[in-house]
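J.: Handing you a structure now.
The values are calculated or read from the model by the stated rules, or taken from the named source; none is laboratory data. Just so it is clear, the structure is predicted and the values come from calculations on it, not from any experiment. All Cβ positions, even for glycine, are placed from backbone atoms using ideal geometry, and neighbour counts span all protein chains on display.
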Amino acid sequence: MGTALVYDEEMTKYKLLWVDPACKIEVPERLTASYEALVRSGLSGRCVSVPARQASDAEILLVHSEEYLEAVKKTPYMTLEDLKEFTLQYGDVYFHPNIYHCAKLAAGSVLQLVDSIMTGKVRNGIALVRPPGHHSMRGAANGFCVFNNVAIAARYAKQKYGVKRVLIVDWDIHHGQGVQYCFEDDPSVLYFSWHRYEHQKFWPHLRESDYDSVGKGSGAGFNINVPWNKVGMENSDYLSVFCHVLLPAAYEFCPDLVLVCAGFDSAIGDPEGEMCATPDIFAHLTHLLMNLAGGKLCAALEGGYNLTSLAQSVCQTVQTLLGDPLPRLANLRSPCISALESLQCARSAHRQYWSFLKHAANPPLPEISTKPIKLAKEEEEPAETAEEESSGEAKVWPEPPQRSCPPVCSASVLPDDVAGADGLKRLSTSGALQPRLVNKLKNHFTKAADDGDAVATISRLHTLMEKMLTNEIGNGLALVPDVAAATMCFAQDLASDLVDRVLVVCVGNATGLNYVTTDGRALVVHISGEDGEERKSKYYIPVRLKQGCGDTSGFLQAVLGLLLPLGYEYDPGLVLLGRMPESGVGDGMWQQLIGLLRGFAKGHTLVLMQANEEACMGPTASALLGHPAAPLQELGAPFPQDGDALERLRERLQADWKMLQTTGRMDCSDPSMLGTMLNARDS
Ligand code: SS9
Ligand code: ZN
């Protein structure tokens, strides 16, 4: 199942016809630059091209008032003077004789995308549209937006396809207040937005863009705002908000459809956002959303005003939708203090609504964030000096590296009597194992090392791993006679021979894993249901779930709040996933785990399973091939003791792992805050 691309050159055919510094950045080239980059890189040719269409009146009226629609309908017939005059009643927007036509196409394009996805024609897709939508309101144009494309699409999907829950992720750097207003009392639409805010000093200067606007009435809890109070936010800041707020809420919400307000003014080089996240971050943001809603993800272009940054970011997004391996995000720094404060505020405001926050520590909020500031009218938009104006664009950053698919996506190493899994290439030959390795193996397989079969299996696995690291093979699956021993053997000796850092994820009960490493060549995260081995180093992280790995909410919380941020900070060159016998983890959760782990090490994951767990091969193979994981059913709260233990563990580990931080407070009297104090980036 493919990826849809909706694009129509017609949407480049309007522009600003007078002088207006606030609007001059919204140019037709935004669309052509994005599209041409997709063509040049060969990505557009790999997408299913879906034609745009105009949204009907009835569709526009799903969100907008009749009066407003009628008023906009007149704009094609207006003189230049009339258009200017008409424009004046709204903020930061311009009209043009052709913009009504384009606005209908923009909204209709997103509806076409929803249709293609909901009817199963494609898995996911993107609509490259102008004008953007997320600022426009029921009765008003605003911020370059005429009709609220994504809000219309959400209502349309609910009405036409009976979709029960829609998640809207707005990663544009401006607050989509139009979307917020549209759904603030609606519990069926979860709206998430992060945005440049600077304590209300940044456009659109709204009190209701702050973290404490959580929704109204039965919609309370279903509006999540993360305001950025400083510029210069980086990849780590964005990722921590995904790991510690958006993703846990999104999984708990369990959407049937994900809509993305895909604005790329949140990327480096953008003159509006002035943030420092690199275009490859969008590969990861996209990837992290791709296993929700059975993969039904629909992205619609919003902002993005640096043409270079915009085009690169669009390409990263589309390439991820197509399923290509993700780029590694090297040298992630700590989230900055201001970002951590925003994170803390958002988590605190939502504590009462989401069970994943039930057990989170709740220290007092940073002071500045608790009192709304007063805006002096004249101070509102300080005139930018020429120097300031170019500061965003003066930024340079390297072009994102090429992302190439290995010739073989997935391979397997299986006992001869086990039938292969669909889509997995079976590896049956291998190079001879070096005697040095055979000797090492003896440490792990005291009996089996003499056994020709065991050595053959191990040497095939070694070959598989080598081929992953030379990018001949993407990922792999192996059935082994003793999965605990094999995981140890690979983590301790074989993998670390081939690669600098290996992330070892061990699911289910096993012993001996704490001996794997202390030198950082392996990071072991062991999720199990039993107490036992103590932590010996920062590189062995036992995660105990009293309810066992079968408790999906507890397990998921460990994966999103611990494993993901740890993985991003560690940046492994290879992932080893060992599934211990009778781990109890359900198929859906298992697939989600594999799907999420694909974001590390350019997708190089080796899954080890016990020989008699063949039943799990199908779901594993499917996830390794990149098929969307089955959606998890409604998640309850994690078992209270487990939820609590996970939060305490995360707090303890913050001293060693800065991506685990979720508070910005600096309280010297509280020893649990030491991690934050030592690690946070200072702006
Ligand atoms: C220019 C101010 C522009 C409006 C921005 C709308 C972006 C929509 N200095 N303000 S994504
Ligand atoms: Zn924007």
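J.: When you scan the stretch 436-444, do you find a residue that is loosely packed, with under 11 Cβ neighbours inside 10 Å, closer than 30 Å to Ala611 by Cα and at pLDDT below 90, even just one?
T.: yes
J.: Given the conditions (1) under 25 Å from Arg650 (Cα atoms); (2) assigned to a helix (DSSP H, G or I); (3) assigned by TED's automatic domain parsing to the domain that holds Val214, which single one is not true for Tyr251?
T.: Answer for Tyr251: the failing condition is (3).
J.: Sticking with this structure for a sec: Give the residues of the stretch 547-572 that are among the small types (Gly, Ala, Ser) and in a helix (DSSP H, G or I), sorted by residue number.
T.: Ser553, Gly554, Ala558, Gly561, Gly567
J.: While we're here: Give the residue, chosen from Val93, Val19, Val27, that is over 29 Å from Arg138 (Cβ atoms) and within 16 Å of ligand 1 (Cβ to nearest atom).
T.: Val19
J.: Checking Val19 against (1) surrounded by 18 or more Cβ atoms within 10 Å (Cβ to Cβ); (2) without any contact (Cβ under 8 Å) to a residue 24 or more places away in the chain: exactly one of these is not met. Which one?
T.: Checking Val19 against (1) surrounded by 18 or more Cβ atoms within 10 Å (Cβ to Cβ); (2) without any contact (Cβ under 8 Å) to a residue 24 or more places away in the chain, the one that fails is (1).
J.: Here's another thing I want to ask about it. Do the conditions hold for Leu246, that is, is it closer than 21 Å to Leu301 by Cβ, modelled with pLDDT of 95 or more and surrounded by 22 or more Cβ atoms within 10 Å (Cβ to Cβ)?
T.: Answer is yes for this residue.
J.: Please state which one of Gly143, Gly162, Gly178, Gly139 is surrounded by fewer than 23 Cβ atoms within 10 Å (Cβ to Cβ), within 26 Å of Pro21 (Cα to Cα) and either among the small types (Gly, Ala, Ser) or without any contact (Cβ under 8 Å) to a residue 60 or more places away in the chain (or both).
T.: One residue alone meets the criteria, Gly139.
J.: Further question on the same structure: Could you tell me which numbered condition Gln112 fails, if it satisfies all but one of (1) surrounded by fewer than 24 Cβ atoms within 10 Å (Cβ to Cβ); (2) in contact with a helix residue (DSSP H, G or I) (Cβ under 7 Å, 6 or more places away or on another chain)?
T.: In the conditions (1) surrounded by fewer than 24 Cβ atoms within 10 Å (Cβ to Cβ); (2) in contact with a helix residue (DSSP H, G or I) (Cβ under 7 Å, 6 or more places away or on another chain), Gln112 misses (2) alone.
J.: Determine, yes or no, whether Thr317 is under 22 Å from Ser240 (Cβ atoms) and among the hydroxyl-bearing types (Ser, Thr, Tyr).
T.: Yes: the conditions hold for Thr317.
J.: With the condition kept exactly as written, say whether any residue in the stretch 222-230 is out of contact with any Pro (no Cβ under 6 Å at 6 or more places or on another chain), among the aromatic types (Phe, Trp, Tyr) and part of a helix (DSSP H, G or I).
T.: No, that holds for no residue.
J.: Let me ask something else. Which condition does Leu38 not pass, out of (1) surrounded by fewer than 20 Cβ atoms within 10 Å (Cβ to Cβ); (2) under 30 Å from the mean Cα position of the chain (by Cα); (3) in contact (Cβ under 8 Å) with a residue 60 or more places away in the chain, if it passes all the others?
T.: (1)
J.: Here's a follow-up. Can you tell me which residue within the stretch 154-176, out of those that are more than 22 Å from Phe242 (Cβ to Cβ) and touching a helix residue (DSSP H, G or I) at 6+ places or on another chain (Cβ under 7 Å), is farthest from ligand 1 (Cβ to nearest atom)?
T.: Across the stretch 154-176, the extreme among qualifying residues is Tyr161.
J.: Identify, by number, the condition in (1) more than 31 Å from the chain's Cα centre (by Cα); (2) modelled with pLDDT under 95 that Met1 doesn't meet.
T.: Met1 satisfies every listed condition except (1).
J.: Evaluate the stretch 462-470: report whether one residue or more is in a strand (DSSP E or B) and either in contact (Cβ under 8 Å) with a residue 60 or more places away in the chain or among the small types (Gly, Ala, Ser) (or both).
T.: No, the stretch 462-470 has no match at all.
J.: Follow-up. Got at least one residue in the stretch 291-303 being surrounded by fewer than 24 Cβ atoms within 10 Å (Cβ to Cβ) and farther than 17 Å from Val231 by Cα?
T.: Yes, the stretch 291-303 has at least one match.
J.: Can I ask one more? Please count how many residues of the stretch 595-616 are over 14 Å from Asn475 (Cα atoms), part of a helix (DSSP H, G or I) and among the hydrophobic types (A, V, I, L, M, F, W, C).
T.: So the count comes out to 2.
J.: Now for a different question. Could you grab me the full set of residues in the stretch 617-653 that are outside any helix (DSSP H, G or I) and over 22 Å from the mean Cα position of the chain (by Cα)?
T.: Gly636, Ala637, Pro638, Phe639
J.: Any idea how many residues of the stretch 265-277 are touching a residue at least 60 places away in the same chain (Cβ under 8 Å) and buried (at least 24 other Cβ atoms within 10 Å of the Cβ)?
T.: Looking only at that region, the number is 7.
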